[in-house]
Each structure stands twice: as structure tokens, then as C-alpha cells.
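Since the structure comes first, as C-alpha cells, the remarks are kept for the end.
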Amino acid sequence: MSTGVRRRMGVEERRQQLIGVALDLFSRRSPDEVSIDEIASAAGISRPLVYHYFPGKISLYEAALKRASEDLAGRFAEPQEGPLGARLLRVMRRYFDFVDEHGPGFSALMRGGPAVGSSTTNALIDSVRQAAYEQILTHLGVTEASARMELVVRSWISLAESTALLWLDGRRIPRAELELQLVHDFAALAAVSAAYDADMAALLRTMVKDEPADGPFAELVGRLLSLAP
């Protein structure tokens, strides 16, 4: 039988609860539209108590962004098993899972939200991009990228970001099509760069050699051949 007595949370436990509540609210609405009163109500505490744990909305917002950025960066982690095309497609599906579940929060993270221009927000965004870059190099089996390879990988990560942000604005293109298209975009960027760089040419040969007939890269070749007269 319950006594109705609430267990008192420790400082860190309460902080993590507030971060979780704020992240949930920021995931459903723009952070600019979420008030401290709403966060306090959702957490079941008073407004002054929120300020006891966080000096203001911006500091709570940044803490929520930190958790979101760590989650997003983790979406690029993938076992190095199987063809590269299939691995990148799984990464894109997990990436868009996050975007789909945390639309306003994702937009806020990538565009800065109410803390736009702050060193903390910029550092979080950079950490996501760097984690994604390092994970993709791991998928490619590369420890030190050439200048052109770095350009391809970082350009592709930026393309994934902008594609996701545009998709959120009305979701006018089916999500699954964009996930596949982004994998094709990676192959296309690699193919163009291969014409100028020996390392990229070697990587492209490996990608094609290991690609099964029903893989994403093979599908791209089929689509391009179908356009030929």
C-alpha cells in the first residue's frame, strides 16, 4: 500500500529530470515557445526550484542540447560489418529517426535556437559534426584522410544536415527516399572526387567491389544507366 510520500531526488537526479523534461518539450515545440513555468509544471516542481538547479532558461536549454547532441552523434556509430552502402543507409535511418522524433529540437540544435551564437551551442554543434566525421572515416577504414577525402565527408555531413532541416519544413518528400538519396549523394561525391584524387579513386573501387547487386550503390548505378539514351 502506497503511503503517498514522494521520494526526494538528489541534486544530480533532479537536474537530469529537468533536462529530460525540457528536452521533451523542446522536441515538440520551438524552445522559444517553451516557458520555465511549463518546464516546472511538467516536472512537478515550482518555478523557483527550477532556478535553484539552473540559473536561467538558456542554461537549461544548453544542458538539453548537450544531451540531444550526444544522442545525435551516437546515431553515426555502426558496426564495421557488411557493405558500406548498407551501413550508411542504416546510419541515415537512425539519423532521421532522431530528426523525426525531435524536429524542433533538431532545428534548434543546428540553427542555434535562443542561444544562437553562444560558444556552448557552437561547441555542441561542432562536436556532433566531428563525431559524425570520425565515425564515417571509421566506416571507410581510414585513419588519416586526404584533403579531398575530408572535403567529401564533411560536405556530405553538411548535406545531411541541410536535407533534414528542409525535410522538416513540410516533409514534402518521403523520408525513406531521402535516406536512400543521401547514401547515393555520398557515392556521387566520392565519384566526382575520384577523378581528381588517387585515394578517393581507390576508395571508390573498394565501394564498388564490395557492393552487392541489390545494394544502395548498385541501385544508383542502375538509376543512372536508365537515364542514358
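Only one of the listed residues (Phe96, Phe76) is out of contact with any Leu (no Cβ under 9 Å at 6 or more places or on another chain) and under 30 Å from Val221 (Cβ atoms). That residue is Phe76. Filtering region 202-217 to residues that are surrounded by 15 or more Cβ atoms within 10 Å (Cβ to Cβ) and under 19 Å from Ala145 (Cα atoms) leaves Leu203, Leu204, Met207. I'd like to verify a number: residues in region 176-196 that are open to solvent by 30 Å² or more (accessible area, probe 1.4 Å) and either β-branched (Val, Ile, Thr) or over 15 Å from Ile136 (Cα atoms) (or both), how many? Total satisfying the criteria: 9.
Per-residue answers, yes or no, for (1) at pLDDT 90 or above; (2) closer than 29 Å to Lys209 by Cα; (3) assigned to a helix (DSSP H, G or I); (4) touching a strand residue (DSSP E or B) at 6+ places or on another chain (Cβ under 8 Å):
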{"position": "Thr121", "(1), (2), (3), (4)": "no, no, yes, no"}
{"position": "Glu144", "(1), (2), (3), (4)": "no, yes, no, no"}
{"position": "Val152", "(1), (2), (3), (4)": "yes, yes, yes, no"}
{"position": "Ser162", "(1), (2), (3), (4)": "yes, no, yes, no"}
{"position": "Leu165", "(1), (2), (3), (4)": "yes, no, yes, no"}
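Going through (1) aliphatic (A, V, I, L, M); (2) at pLDDT 90 or above; (3) open to solvent by less than 40 Å² (accessible area, probe 1.4 Å) one by one, Ala64 falls short only on (2). For region 185-229, a residue qualifies if it is at pLDDT below 85, of a type in the set (A, V, I, L, M) and in a helix (DSSP H, G or I), and the qualifying residues are Met207, Val208, Ala218, Leu220, Val221, Leu224, Leu225.
One line per residue, one yes/no per condition, for (1) farther than 22 Å from Thr163 by Cβ; (2) open to solvent by 10 Å² or more (accessible area, probe 1.4 Å); (3) in a loop (DSSP other than H, G, I, E, B); (4) at pLDDT 85 or above:
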| site | (1), (2), (3), (4) |
| --- | --- |
| Arg15 | yes, yes, no, yes |
| Val21 | yes, yes, no, yes |
| Ile45 | yes, yes, yes, yes |
| Leu49 | yes, yes, no, yes |
| Leu60 | yes, no, no, yes |
| Glu78 | no, yes, yes, yes |
| Arg87 | no, yes, no, yes |
| Arg90 | no, yes, no, yes |
| Phe96 | no, no, no, yes |
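The values are calculated or read from the model by the stated rules, or taken from the named source; none is laboratory data. The structure displayed is predicted, hence computed values, not measured ones. Cβ atoms come from the backbone with ideal geometry, glycine included; neighbour counts cover every protein chain shown. Calculation scope for accessible area: heavy atoms of the full protein, side chains included, ligands and nucleic acids excluded. Shrake-Rupley method; radii C 1.70, N 1.55, O 1.52, S 1.80 Å.
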